[in-house]
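Working notes, structure below.
The values are calculated or read from the model by the stated rules, or taken from the named source; none is laboratory data. Keep in mind that this is a model prediction, so the values were computed, not measured. Cβ placement follows ideal geometry from the backbone for every residue including glycine, while neighbour counts extend to all protein chains displayed.
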Amino acid sequence: MKNRVLDQMIRSIAIVKKDVMIYYSKGPVVLMGVLWPAIMFISFAFGRGMAIENLMPGLIGVSVFFTCSAIAPVAFPWETAQRTLERLVSAPVAIWTILFGDMLASALVGIIISIVPILIAIGFGVTFTSPLVLACAIIVGSICFATMSLLLSVAPVSGPQYTQMLSTLIKFPLMFISGVFIPLSNLPAAARAISFISPLTYFTDIARYATGHGSYMPLYVDFLAIIAFTFVFWVVAVKLHNRTLPLRV
């Protein structure tokens, strides 16, 4: 049993390489992971007169969130349309192996892209008082966001445009209710209650702590929440993809 699981894990590395070569070298990843969050940052920093240092934790969160969820929602529909998914599932790989490879690729690129907003923050004079905490949050958060993005590709549609639309409808509202631009302590009670359903909320809270602004919740709560979201997303994604895969091939 252990050898079989290890064998599947090794095969998932091949899927990681495939995803990085095919998808993550494309412009949309840079656009969604770096340029678009930067545009939002500029809009809120200069358009509403908000302090730049208060926006940096949110910029890091949005960059990681959008990068990790940029490609996974369209990978399955795209490969279905290109008929490459049939060849993939005909190989001796389990569905969870494919999903694990997609998730790892998304998380890896998210971790790498996170360096960009961190450098921007340092350039604006932001001091990271807890860099190790932030590094752990980026790793755990990237895995969580990448796992969440697997759920967005569950529907057995014929083209990536449908999942892109669904992804946009889900990700954009999450960004505005997760304390990215306004700290949780400044949100109305109703909005704050809604924000707890978003994993991005807990990541941003940790990022605020790491930049010396203090967290709204204890750090262990933030980390446990992200881990719990990851577990739920993974279990649900594997079950749903197992159910919809026969409709794709």
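Mind checking which residues of the stretch 203-243 are under 19 Å from GLU53 (Cα atoms) and either in contact (Cβ under 8 Å) with a residue 40 or more places away in the chain or among the small types (Gly, Ala, Ser) (or both)? Lay out the reasoning, then the answer.
Taking the stretch 203-243 and keeping what is under 19 Å from GLU53 (Cα atoms), we get 203-216.
PHE203, THR204, ILE206, ALA207, ARG208, TYR209, ALA210, THR211, GLY212, HIS213, GLY214, SER215 - these are the residues of the stretch 203-243 that are under 19 Å from GLU53 (Cα atoms) and either in contact (Cβ under 8 Å) with a residue 40 or more places away in the chain or among the small types (Gly, Ala, Ser) (or both).
Got at least one residue in the stretch 65-74 being over 21 Å from GLY141 (Cα atoms), buried (at least 16 other Cβ atoms within 10 Å of the Cβ), modelled with pLDDT of 70 or more and in contact with a helix residue (DSSP H, G or I) (Cβ under 8 Å, 6 or more places away or on another chain)? There is no residue in the stretch 65-74 that is over 21 Å from GLY141 (Cα atoms), buried (at least 16 other Cβ atoms within 10 Å of the Cβ), modelled with pLDDT of 70 or more and in contact with a helix residue (DSSP H, G or I) (Cβ under 8 Å, 6 or more places away or on another chain).
There is no residue in the stretch 155-165 that is free of Cβ contacts under 8 Å to residues at least 40 places away in the same chain and within 22 Å of ILE227 (Cβ to Cβ). A search for C-beta distances below 6 Å between a residue of the stretch 117-128 that is closer than 14 Å to VAL64 by Cβ and any residue that is among the β-branched types (Val, Ile, Thr), counting only pairs 6+ apart in sequence or on different chains, returns PRO117/ILE60. Scanning the stretch 221-239 finds no residues that are surrounded by fewer than 20 Cβ atoms within 10 Å (Cβ to Cβ), among the polar types (S, T, N, Q) and in contact with a helix residue (DSSP H, G or I) (Cβ under 7 Å, 6 or more places away or on another chain). Number of residues in the stretch 22-50 that are at pLDDT 70 or above and more than 19 Å from the chain's Cα centre (by Cα) equals 2.
Answer yes if at least one residue in the stretch 116-137 is farther than 19 Å from TRP36 by Cβ, under 13 Å from the mean Cα position of the chain (by Cα) and not polar (S, T, N, Q), and no otherwise. Yes, that holds for at least one residue. Every residue in the stretch 149-186 that is surrounded by fewer than 18 Cβ atoms within 10 Å (Cβ to Cβ), over 22 Å from VAL232 (Cβ atoms) and at pLDDT 80 or above, please. Residues satisfying the conditions are PHE176, SER185, ASN186.
Being of a type in the set (S, T, N, Q), within 19 Å of SER106 (Cβ to Cβ) and outside any helix (DSSP H, G or I) is a property that holds for SER153. Of the helices (runs of 4 or more DSSP H) entirely within the stretch 167-249, those holding at least 2 residues that are touching a Cys at 6+ places or on another chain (Cβ under 7 Å) occupy 219-244.
Restricting attention to the stretch 51-64, which residues are more than 14 Å from the chain's Cα centre (by Cα) and at pLDDT 75 or above?
Quick first cut of the stretch 51-64, residues more than 14 Å from the chain's Cα centre (by Cα) only: 51-57.
Answer for the stretch 51-64, where residues must be more than 14 Å from the chain's Cα centre (by Cα) and at pLDDT 75 or above: ASN54, LEU55, MET56, PRO57.
Return yes when TYR202 is surrounded by 15 or more Cβ atoms within 10 Å (Cβ to Cβ) and more than 20 Å from the chain's Cα centre (by Cα) and no when it is not.
Values: surrounded by 15 or more Cβ atoms within 10 Å (Cβ to Cβ): yes; more than 20 Å from the chain's Cα centre (by Cα): no.
The answer is no for TYR202.
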